[in-house]
Amino acid sequence: MTKRELFQFDLPMLRAQRDSRPAGAVPKSAPAHGARRWFPIQMGTLVGGDRPKLAPRQGTVNLKRRLAAVLMLLALAATALVVRAIDLQWVSRDFYLDQGDQRYVRDLKIEAPRGTIFDRNGNPLAVSTPVESIWADPSTLRDNTQRLPELAKALGVDAESLTQKINQKADKQFVYLVRHLNPDAAAAIVKLDIPGVYSQREFRRFYPNGEVTAHILGRTNVDDVGNEGLELAFNESLAGKPGSKSVIRDLHNRAVESYDVDLDVPPKPGEDLVLSIDKNIQYLAYRELMGAIQKHHARNGSIVVMDVTNGEIIAMVNQPSFNPNSQNTNIPKAELLDRMRNRAVTDGMEPGSTMKAFTVSAALESGKWKPDSKIDTSPGFWDFQGHKINDTHNHGLIDLTHVITFSSNVGAAKVAMTLSKDQLYDVYNRFGLGESTGSGFPGESPGYLPIAKRWYPIDQAHIAYGYALRITPLQLAAAYAAIANGGVLHHPTFVKGAGDVGKRVISAGIARQVSAMLQTVVSKESTAPAAVVDNYLAAGKTGTSHIAVNGGYSNFYHSLFVGFVPASNPRLVCAVVITGATGNSLIAYAGGFVSAPSFSKVMEGALRTLDIPPDNVKNWYAGGPGPNPLVAPQNMPPPSDADLIGAETEVAEP
């Protein structure tokens, strides 16, 4: 029963009970207050039954404490919110910005072109051209397999192989479909709007001169990184540094706008490289070498042209060659690797009689010999320690100069045996034999010159005329350049203006004497009449050596000629090496007939190209009266073996 019901139905009865109490009676308990004063009876009286026991009233609630607790909780919550806000806005700001950017911002890589390679006259030898590569997101492309045949047709590939490639890379987000396309062709493929297919800007190396400069320049791989030749040697400076651009991409990975221009990093192109090579002389040497190899049915060959005054390489060619512009060639890999070798710096050979100039230099330096010192080469051979050393003819009693003129193996060997092993080794080594030239070309061979203490007497004799050691065409050219340069040896260089000061290897006087001896070789009476250069004095030396094979010697030959012009004031040195010529006659394989003509033609063109005046300009002018005394007779019939006075062939059994 509610209080309202009590008041409504029992109020008269309650009042009557109150009024019936005696006057002056004092209640046993404390005075009632409020409703208890008016209703002293318990609820049980109204409904009958025993009077219930009332529970004691609980203590009074402290409202201040409650309020303080609530305020403290609110303060803690506010503090937590402030701390969290500080963490989001300052402490972890970069992290959350990065996480957000990863959802829609991408950094586009901007490729940088490699530096251009120029020849000494500013003609481009290697340039980078922009191309496009097509790539795909396999995870997206797999959801659109019905368009794969269309894509395969546009790419020019088999649809089945393309499908297999995409399935194999299903867990990847990037795969190249085709590299280095023409930009127009790539744009046509992207225009098909196939989901998951995109294009990427790249650069591809192009070599305007193709095979002519291939061995010097080398080439780059599909990622435009140098892996051969000077492209490899100077890759760090030639390679550009890629830039980047931040863009916002849509659902289909398409760039819709720039994200923040301030974050863009511009690409930095690679540094240009200016070589000492002359493109015109390079082409001339390449043409003449190819013609000589075809004419004499040889296997391979090399030509090196150097500036004797500073060591700069003007031309360097090899045959056979390769096309550096072709990435996909049908040539077998083994044959391609063979074609790619720069034989002028990697392949050593026994230099034959070209070695005699260094032997004579050692003899003159010893003081035991002079240019007119006599030596007996009779009867045209020398039995030495069970080995027979031969000359082509019995030259009899000759002087040291004619050991060079007639290319006498017997004379060179006998001269060498009058010197100590250490004397010879020291001179050979000073000329750079047995050591790298320091050109910086990747894979350069140091050749092979055994140390003196390992020489047997027969080795000493053989080395004197070009056997039992190996040198490269570049080493041969550099050593003869030292003779032409007054005894100062320069390290060869491919970079214009990078020549060194050089170091003296023999005295200037000895260099002049040897140079005068070498001039006698380029004449009708010697071994290299075909080396004559019209209107110029030339000096040089022929060389012919058997090709070593399986511990012995074959009937195939290295045919060499190395010389310099103008002899009175040398500027250029040229080494010609042709390997693999053979035949029953000296004309078919001797250096004076196989390599000397190429020397003559290359030097004639090089002197004209570089505008180098003749030795005696007063006696030379176009259309002048009478024959030029420096010009050899033209259209001479080839001599027979019986007419060959000094054309050498060395047969040794070391």
Being among the hydroxyl-bearing types (S, T, Y) and either free of Cβ contacts under 8 Å to residues at least 12 places away in the same chain or on the phi > 0 side of the Ramachandran plot (or both) narrows S445, S436, S408 down to just S436
Meets criteria (of a type in the set (F, W, Y) and in a loop (DSSP other than H, G, I, E, B)) for Y467: yes
Number of the condition not met by D223 [criteria: (1) part of a loop (DSSP other than H, G, I, E, B); (2) in contact (Cβ under 8 Å) with a residue 24 or more places away in the chain; (3) surrounded by fewer than 13 Cβ atoms within 10 Å (Cβ to Cβ)]: (2)
Quickly run through region 348-397 and pick out the residues that are open to solvent by 50 Å² or more (accessible area, probe 1.4 Å) and assigned to a helix (DSSP H, G or I). E365
Sole miss for I166 among (1) crowded, with 16+ Cβ neighbours inside 10 Å; (2) under 30 Å from the mean Cα position of the chain (by Cα) is condition (2)
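So, in region 572-590, how many residues would count as being in contact with a strand residue (DSSP E or B) (Cβ under 7 Å, 6 or more places away or on another chain) and either surrounded by fewer than 20 Cβ atoms within 10 Å (Cβ to Cβ) or among the aromatic types (F, W, Y) (or both)?
Residues in region 572-590 being in contact with a strand residue (DSSP E or B) (Cβ under 7 Å, 6 or more places away or on another chain) and either surrounded by fewer than 20 Cβ atoms within 10 Å (Cβ to Cβ) or among the aromatic types (F, W, Y) (or both): 4 in total.
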Say whether the condition of being in a helix (DSSP H, G or I), modelled with pLDDT of 95 or more and open to solvent by 60 Å² or more (accessible area, probe 1.4 Å) is met by at least one residue in region 284-293. yes
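For every residue, the table says whether it meets (1) among the acidic types (D, E); (2) part of a loop (DSSP other than H, G, I, E, B); (3) in the same structural domain as I314 (by TED's automatic domain parsing).
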site: V403; (1), (2), (3): no, no, no
site: V410; (1), (2), (3): no, no, no
site: K414; (1), (2), (3): no, no, no
site: V427; (1), (2), (3): no, no, yes
site: L433; (1), (2), (3): no, yes, yes
site: T437; (1), (2), (3): no, yes, yes
site: P446; (1), (2), (3): no, yes, no
site: P450; (1), (2), (3): no, yes, no
Does G156 satisfy the criteria of being over 18 Å from A186 (Cβ atoms) and either open to solvent by less than 50 Å² (accessible area, probe 1.4 Å) or in contact with a strand residue (DSSP E or B) (Cβ under 9 Å, 6 or more places away or on another chain) (or both)? no
For the structure I just gave you, tell me whether N280 is on the phi < 0 side of the Ramachandran plot, touching an Asp or Glu at 6+ places or on another chain (Cβ under 9 Å), in contact (Cβ under 8 Å) with a residue 60 or more places away in the chain and surrounded by fewer than 24 Cβ atoms within 10 Å (Cβ to Cβ). yes
Step by step: first the residues of region 120-176, then only those that are small (G, A, S) and part of a strand (DSSP E or B), then the one that is nearest to G210 (Cα to Cα). Which residue is that? A126
When both residues are 6+ apart or on different chains and their Cβ atoms are under 9 Å apart, which pairs have a first residue that lies in region 496-521 and is open to solvent by 30 Å² or more (accessible area, probe 1.4 Å), and a second that is in a helix (DSSP H, G or I) and of a type in the set (S, T, N, Q)? Q513/S361; Q513/T401; A516/T401; T520/T401; T520/T405
Of residues in region 522-536 being among the hydrophobic types (A, V, I, L, M, F, W, C) and closer than 12 Å to G591 by Cβ, the one surrounded by the fewest Cβ atoms within 10 Å (Cβ to Cβ): A530
Being more than 30 Å from Q513 (Cα to Cα), touching a helix residue (DSSP H, G or I) at 6+ places or on another chain (Cβ under 9 Å) and of a type in the set (A, V, I, L, M, F, W, C) is the filter here; which residues of region 323-373 pass it? I331, M340
Among the residues of region 455-464 satisfying the criterion of being assigned to a helix (DSSP H, G or I) and of a type outside the set (A, V, I, L, M), which is surrounded by the fewest Cβ atoms within 10 Å (Cβ to Cβ)? P457
Of the residues N390, N409, N394, N342, which is closer than 30 Å to N300 by Cβ and at pLDDT below 95? N390
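The values are calculated or read from the model by the stated rules, or taken from the named source; none is laboratory data. None of these values were measured; they are calculated from a predicted model. Ideal geometry is used to build each Cβ from the backbone, glycine not excepted, and the neighbour counts take in all protein chains shown. Ligands, DNA and RNA are stripped out before the accessible areas are found, and what is left, the full protein with its side chains, is counted by its heavy atoms. Shrake-Rupley method; radii C 1.70, N 1.55, O 1.52, S 1.80 Å.
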